[in-house]
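J.: Okay, here's the structure, questions in a sec.
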Amino acid sequence: KTKLTQTVNQTINTAPSHTHDELRTAVTVADAVGFRSPAKAEVEERLAHEDAQAAASAALTTWAAAGDWDALAVAIYDARNLGLPEAEVSVAAGRLQEEARMLVQQSSQGGDAGWAFELGRLAGLSE
């Protein structure tokens, strides 16, 4: 148990040089052996943030592919707030902008433009 605790402690204390999976394993083992430290809490926060980013990234892809524009707008908002790279977010935002433009065009032919304009605003359109 002592050797295991030392290994876990070393991994946690050198967190920047370890992958997400390595750190997840170290935290799991630390929990199993009852290891607690401020560094472990910081690693747990990092893992939670990275997990949230991965979920946000998956949501961008899922909602864009499904054509669920409301959900995609929320996913874009979440992704930006979680600090996903703008290059990744901008692909989804581009899809949403295309849909918003189409809806605005359709609404100008007699439909209700309110939702389309709000969707466009969420997608980052300034038109």
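J.: What FRET efficiency, computed as 1/(1 + (r/R0)^6) with R0 = 41 Å and r the Cβ-Cβ distance, is obtained for GLU44 and GLU86, rounded to the nearest 0.05?
T.: On the way: r = 27 Å, r/R0 = 0.66.
Once rounded, the FRET efficiency stands at 0.90.
J.: Shifting gears a bit: Rounded to a whole number, what % of the accessible area of segment 1-83 do carbon and sulfur atoms account for, probe 1.4 Å?
T.: Here carbon and sulfur together make up 56 percent of the probe-accessible area.
J.: Give the accessible area for HIS49 in Å² (nearest 10); use a 1.4 Å probe, count only protein heavy atoms, and leave out ligands, DNA and RNA.
T.: Only protein atoms counted, so the area is about 80 Å².
J.: While we're looking at this one, here's another question. Per residue, how much accessible surface does segment 1-59 expose to a 1.4 Å probe? Answer in Å², no decimals.
T.: 61 Å²
J.: Let me ask something additional. Quick one: Karplus J couplings for segment 85-92, per residue in order, coefficients 6.51, -1.76, 1.60, θ = phi - 60°, nearest Hz, x for Gly and Pro?
T.: x, 4, 4, 6, 5, 5, 5, 5
The values are calculated or read from the model by the stated rules, or taken from the named source; none is laboratory data. Fair warning: this is a prediction, and the values are worked out from it, not measured in the lab. Here the Cβ is made from the backbone with ideal geometry for all residues, glycine too, and neighbour counts use every protein chain on show. Surface areas here come from the heavy atoms of the whole protein model, side chains and all, with no ligands, DNA or RNA. Shrake-Rupley method; radii C 1.70, N 1.55, O 1.52, S 1.80 Å.
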